[in-house]
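Comments concern the structure below.
The values are calculated or read from the model by the stated rules, or taken from the named source; none is laboratory data. Keep in mind that this is a model prediction, so the values were computed, not measured. FYI the Cβ positions are ideal-geometry reconstructions off the backbone, even for glycines, and counts take in every protein chain you see. All accessible areas refer to the heavy atoms of the entire protein, side chains included, with ligands and DNA or RNA removed. Shrake-Rupley method; radii C 1.70, N 1.55, O 1.52, S 1.80 Å.
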Amino acid sequence: MAGHGAQKLFGLFGGGGLTETGRGFAALGYRPGKIFAVIGGLSELLGGLGLALGFLTPLAAAALIGVMINAMATVTGAHGLWDADGGVEYSVCITVVALAVALIGPGRFAVDRFFRWGSGGWPQGALALGLGGVGSAITLSL
């Protein structure tokens, strides 16, 4: 996911960069497109890095959950389930994995292991799902 964010923000890994991504977001109805491209790109970049490093894991999971809910609502939801048809399969997988990491905990080599939330659990999972859901609901309502 960090790579997807880098594509959107910086044009790395064959991505279009911020200007092109902003146009794509505007075409999906997000206005102003460039602002929402920054929000989406940062959510993917920082959420992906956070999960990879086990840093602020519940918040990183929330960022990815929120982005994926928006992707399902605006892009992939109309195409059914399977990714081969452009459907929600990939977004659902990312969402479930992010939630699972928040619930299970980031692992013994994670930065978060030194903090209370580093062990995962129901409160961390609820926080990730709640913040991701509320964030996506706010974004979709704008």
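Worth pointing out:
- In the stretch 94-142, the alpha-carbon atoms span a convex hull of 79 Å³ per residue.
- Our summary gives the chain a relative contact order of 21 percent, counting only alpha carbon pairs under 8 angstrom and 6 or more residues apart.
- Crossing angle, helix 57-71 versus the chain [Cα axis fit, 0-90 degrees, rounded to tens]: 30
- Computed over the alpha-carbon pairs of the stretch 1-63, the distance histogram in 5 Å steps reads 5, 23, 25, 20, 15, 9, 2 percent, short to long.
- Over the stretch 93-142, accessible surface divided per residue gives 65 Å², non-protein components excluded, 1.4 Å probe.
- Förster-model FRET efficiency, 25 Å R0, Arg31 and Tyr90, C-beta, rounded to 0.05: 0.45
- Here the chain is assigned +1 on the Cβ of each Lys and Arg and -1 on the Cβ of each Asp and Glu. Its dipole about the Cα centre then comes out at about 380 debye.
- Using every pair of separate Cα atoms, the Kirkwood estimate puts the hydrodynamic radius of the stretch 50-134 at 12.8 angstrom.
- ³J(HN,Hα), Karplus 6.51/-1.76/1.60, whole Hz, each residue of the stretch 96-113, x for Gly, Pro: 5, 5, 4, 5, 4, 5, 4, 6, 7, x, x, x, 6, 9, 6, 4, 5, 4
- Put simply, the amide H of Gly121, placed in the peptide plane, has neighbours under 5 Å in Leu103, Ile104, Gly105, leaving out anything fewer than 5 places away on its chain.
- Protein accessible area in the chain, 1.4 Å probe - carbon and sulfur %: 71
- Cα pair distances in the chain, grouped into 5 Å bins until the bin that holds the longest one, percent each: 2, 12, 19, 21, 21, 14, 7, 4, 0
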